[in-house]
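Notes follow the structure.
The values are calculated or read from the model by the stated rules, or taken from the named source; none is laboratory data. Just so you know, these numbers come straight off a predicted model, no measurement behind them. Positions of Cβ are generated from backbone atoms using ideal geometry, with glycine treated the same way; all protein chains shown enter the neighbour counts.
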């Protein structure tokens, strides 16, 4: 962890449990290999990027079986004032 904070290594792989306890100010990218179990967990995961006025990105992999949750994510993105990717809008009208 210290090597990541010091910039010696650029990639940190962690579980959701570890991710919740981290306070890192310079994370540029979060990749969700799988979907979290709730919208709150999703917000905590992607909230690790773009802190302290920095820009950041989040990439989330999903399958057809995740569609209900993906639609909820699209709604959260819209309500947060960010642009919802077109492919998510095409899946279902975001409320």
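Under the condition of being at pLDDT below 80 and surrounded by fewer than 17 Cβ atoms within 10 Å (Cβ to Cβ), the residues counted in region 14-49 number 13. The residues of region 50-70 that are more than 14 Å from residue 88 (Cβ to Cβ), surrounded by fewer than 13 Cβ atoms within 10 Å (Cβ to Cβ) and in contact with a strand residue (DSSP E or B) (Cβ under 8 Å, 6 or more places away or on another chain) amount to a single one, 57.
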